[in-house]
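What follows is a set of notes on a single structure, which appears directly below.
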Amino acid sequence: MNKRKIIIATRGSKLALWQAEWVKAQLEKNNPQIEVELKKIKTTGDMILDVPLAQVGGKGLFVKEIEEALLKKTADLAVHSMKDVPTDLPEGLHLAAICKREDPRDALITAVSDQQSAISRKKKIKSFKDLPKGALVGTSSLRRLCQLMSKRPDLKIVSLRGNLDTRLRKLDEGQFDAIILATAGVKRLGLQKRITESLPTTISLPAIGQGAVGIECRLDDVFINKLLKKLDHRTTSVCVRAERAFLKKLEGGCQVPIAAYARIISQKSEVRSQKSEKNLKIKTQNSTLVINGLVGSLDGKTLIKGSKKGRPADAESLGNKLAETLLSKGAGEILAEFYGNTP
């Protein structure tokens, strides 16, 4: 029996290929009648490596060329890091599945001991608070920049582009005292031992969709949509959609100083058994979706924060309401100033 060939469009980085290979394995496992092939595509964000992303301007820097392949039908589906996916998708495309989320936090990574820079050799760095005054920290994210500067204005935050291997190499060459990466990507590539500390969300609130993998396809492709249905993780999907609604209301992209993190909390109450004080029955009540959001000035002097909670069924509404709350506190002025200084 001839198997039906399915083509996945993906970026060519190690992490992107890991994600695409994982989706490929799941699809072939669940559907023995298909054969999946990867199609590597270089995006605008992959080609421009010598300029900070915020200066490049525009949305969809890591997905535009991939979406064009879907629209031209040279690929059947695309696998993305959700934090790279704009909130507005091209007509005819949609997110058919959002896979189970990995750890959404940011990771602090320091150089191995014998390759540390002079400043970091003076003090053993075990956490963010251990970074020496004036330490050089690399990150490509304005979201991270504003939050780190808010906590530690003494640090020197420098733009750092390139894939994960490139960033680690620059760190280990002594160009930085520390770098900040997404914990999820580091773990997926089996490099979790390099993580010095996964930063609490109170220090660095994650990017919208960070840690989640999204699968995009054509709306009218019934066969592909049916294949992808099993890969959608309901809890992750609800949380990410709340975060994306927040981002869309703020008219932001993935290269702006905006952060949000949603999670579903199962509220449990202990009910004592009539037979014994030692026997406890756990009764699960209605779950609650909690979403925290932030907009920050680049110097870290102003962080506008907020939180909303409600029913998971109202995820997108909660994201919108949180954005409205932050706008009422002055987030619009911060974003207007930012957009006025970028292409």
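Numbers at a glance
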read-out: Share antiparallel - DSSP beta bridges, the stretch 106-198, percent rounded to 5; value: 55
read-out: Histogram of C-alpha separations across the stretch 298-343, 10 Å bin width, %; value: 25, 42, 26, 8
read-out: Local electrostatic count at PRO206 - Lys and Arg +1, Asp and Glu -1, tallied over other residues with Cβ under 15 Å; value: +3
read-out: Residues with amide H under 5 Å from that of LYS39, placed H, sequence gap 5 or more; value: ILE8, ALA9, THR10
read-out: The stretch 140-149 - phi-based ³J(HN,Hα) in whole Hz, Karplus 6.51/-1.76/1.60, Gly and Pro as x; value: 9, 9, 6, 4, 5, 3, 5, 6, 5, 5
read-out: Protection proxy ranking, peptides 129-138, 197-206, 178-187, average beta carbon neighbours within 10 Å, highest first; value: 178-187, 197-206, 129-138
read-out: Out-of-range pairs (alpha-carbon distance over 26 Å; input LYS187/LYS321; LYS193/LYS248; LYS249/LYS309; LYS193/LYS249); value: LYS187/LYS321; LYS193/LYS248; LYS193/LYS249
read-out: Residues with amide H under 5 Å from that of ALA97, placed H, sequence gap 5 or more; value: ILE215
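Every read-out reported here was derived from the displayed coordinates using simple, explicitly stated rules and does not represent laboratory data. This structure is a prediction, so every number in the text was calculated from the model and none was measured. Positions of Cβ are generated from backbone atoms using ideal geometry, with glycine treated the same way; all protein chains shown enter the neighbour counts.
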